[in-house]
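Shown next, in structure tokens, is the structure this report addresses.
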Amino acid sequence: MPAFTASAPAKIILFGEHAVVYGRPAIAVPVQQVQARAVVIPDPLAPRGRVWIQAPEINLDCAVGELPEENPLRKLIQLLQEHFQIDHLPACILRVSSTIPVAAGLGSGAAISVACLRALSAFLGAPLPVEHVSDLAYEIEKIYHGTPSGIDNTVVAYDRPVYFVHGQPIEFLSVGQPLTLVIGDSGRRSPTSEPVGALRQAWLANSVPYEELFDRVGEIARSARANLETGSLLHLGNLMDENHTLLVQMGVSSPELDHLVAAAHTAGALGAKLSGGGWGGNMIALVEPELAEQVSAALLQSGATHTLITQVRP
Ligand code: PMV
């Protein structure tokens, strides 16, 4: 019997994380070097409707019904059943794997959801259109952190650079010239829900200074969009630096991330910032292509556990 396979890329946020949760624009791009993958194998001899999940990286090897109610994979199967108005899926094995580090600001949760939704809907004989994949993945994002903006599921499902404003039609971006980025992993894992939740508490207690920070980030994202389209790299680097300073003021950076951002500058990066939820996870540096290896080596020397060099192409 044929297996049904699908994959989905990681993502980085170039500008606007956190402020995007509060209605400001943000810019994100897919990262192809690391991917989530789902394989569905029909299992006609298994009991009716049994979906067996195998995800060795997170030590899962059980029937979906044995997972806690709030487990994202269990929720994903429920959402699919509701979407297709069926009581159960035909019996199958769902194998999930990923090379995207978890809780690292690279959208691993969204990528796993997107890969699973694509593989399972193909198995059902009705591959979901991309907008439904994105919408269903958004519902699952809510489990990871209660108030997602929707940027992760959008950029991962559409697999294109996006200019994203919550609740508004998606706008795709074309870059005026290739961007070379070095991604550095601080090695610290931080579930997105934690900095997002802490920022919300701080905003609820005293919204005025945070609204000002979000407004400034929104202006940066708008200005970055224009510079991306014209390909003005130096200006983009400066905007990244300004965005990082505002993220520090929001309280979502960490000493490790700040240290890596400083190391990237010393090694010649045009700009650098944390990317994603913060408190850990990854930072990104914009570089001239010929300096990419040098910046990557400097990040590794300064404590990054991994680096990736990626390009955003016109
Ligand atoms: O940490 P990540 O990769 O899930 O990025 C989340 C981005 C935030 O703006 C912090 C949250 C959101 O929902 O947009």
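The values are calculated or read from the model by the stated rules, or taken from the named source; none is laboratory data. What you see is a predicted model; the values in this text were computed from it and never measured. Cβ placement follows ideal geometry from the backbone for every residue including glycine, while neighbour counts extend to all protein chains displayed. Please note that ligands, DNA and RNA were not included when accessible areas were found on the heavy atoms of the full protein model with its side chains. Shrake-Rupley method; radii C 1.70, N 1.55, O 1.52, S 1.80 Å.
Tabulated values for the structure
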{"quantity": "Filter result (over 16 Å from the mean Cα position of the chain (by Cα) and of a type outside the set (A, V, I, L, M)) within the stretch 163-185", "calculated": "Gly167, Gln168, Pro169, Glu171, Phe172, Ser174, Gly176, Gln177, Pro178, Thr180"}
{"quantity": "Search result, residues across the stretch 5-23 that are more than 7 Å from the ligand (Cβ to nearest atom), within 21 Å of Val248 (Cα to Cα) and surrounded by fewer than 23 Cβ atoms within 10 Å (Cβ to Cβ)", "calculated": "Tyr22, Gly23"}
{"quantity": "Matching strands (runs of 3 or more DSSP E) fully within the stretch 206-314 where at least 1 residues are charged (D, E, K, R) and within 20 Å of the chain's Cα centre (by Cα)", "calculated": "271-275"}
{"quantity": "Candidate set from the stretch 45-63 (those that are part of a loop (DSSP other than H, G, I, E, B) and within 15 Å of Leu73 (Cα to Cα)); member that is modelled with the lowest pLDDT", "calculated": "Asn59"}
{"quantity": "Number of the exception - Glu70 against (1) crowded, with 20+ Cβ neighbours inside 10 Å; (2) in contact (Cβ under 8 Å) with a residue 60 or more places away in the chain", "calculated": "(1)"}
{"quantity": "Given (1) free of Cβ contacts under 8 Å to residues at least 60 places away in the same chain; (2) of a type outside the set (Phe, Trp, Tyr); (3) within 16 Å of the ligand (Cβ to nearest atom), number of the condition Gly125 does not satisfy", "calculated": "(3)"}
{"quantity": "Answer residue from the stretch 73-109, given it is open to solvent by 20 Å² or more (accessible area, probe 1.4 Å) and within 23 Å of Asn282 (Cα to Cα) and is farthest from the ligand (Cβ to nearest atom) among those", "calculated": "Ser97"}
{"quantity": "Residue that is touching a Pro at 6+ places or on another chain (Cβ under 7 Å), more than 15 Å from the ligand (Cβ to nearest atom) and touching a residue at least 24 places away in the same chain (Cβ under 8 Å), where the choices are Asp185, Asp159", "calculated": "Asp159"}
{"quantity": "Residue in the stretch 49-60 that is in contact with a helix residue (DSSP H, G or I) (Cβ under 8 Å, 6 or more places away or on another chain), under 19 Å from Ser7 (Cα atoms) and of a type in the set (S, T, N, Q) present", "calculated": "no"}
{"quantity": "Only one of Leu128, Leu120 that is in a helix (DSSP H, G or I), open to solvent by less than 40 Å² (accessible area, probe 1.4 Å) and at pLDDT 95 or above", "calculated": "Leu120"}
{"quantity": "Residue count, the stretch 99-129 (criterion: of a type in the set (S, T, N, Q) and either more than 23 Å from Gly146 (Cβ to Cβ) or touching a Gly at 6+ places or on another chain (Cβ under 9 Å) (or both))", "calculated": "2"}
{"quantity": "Residue in the stretch 190-205 that is assigned to a helix (DSSP H, G or I), under 22 Å from Ala304 (Cβ atoms) and among the hydroxyl-bearing types (Ser, Thr, Tyr) present", "calculated": "no"}
{"quantity": "Some residue of the stretch 189-211 being within 15 Å of the ligand (Cβ to nearest atom), of a type in the set (Gly, Ala, Ser) and over 22 Å from Pro101 (Cα atoms)", "calculated": "yes"}
{"quantity": "Pairs where the first residue, in the stretch 211-223, is closer than 16 Å to Gly237 by Cα and the second is of a type in the set (Val, Ile, Thr) and open to solvent by less than 10 Å² (accessible area, probe 1.4 Å), C-beta under 8 Å, 6+ apart", "calculated": "Ala221/Ile27"}
{"quantity": "Some residue of the stretch 132-145 being more than 16 Å from the ligand (Cβ to nearest atom), surrounded by fewer than 21 Cβ atoms within 10 Å (Cβ to Cβ) and touching a residue at least 12 places away in the same chain (Cβ under 8 Å)", "calculated": "yes"}
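Matching residues to (1) over 30 Å from Leu300 (Cβ atoms); (2) surrounded by fewer than 19 Cβ atoms within 10 Å (Cβ to Cβ); (3) at pLDDT 95 or above:
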{"position": "Leu204", "(1), (2), (3)": "yes, yes, yes"}
{"position": "Pro209", "(1), (2), (3)": "yes, yes, yes"}
{"position": "Val217", "(1), (2), (3)": "no, no, yes"}
{"position": "Gly237", "(1), (2), (3)": "no, no, yes"}
{"position": "Thr245", "(1), (2), (3)": "no, yes, yes"}
{"position": "Gln249", "(1), (2), (3)": "no, yes, yes"}
{"position": "Ala262", "(1), (2), (3)": "no, yes, yes"}
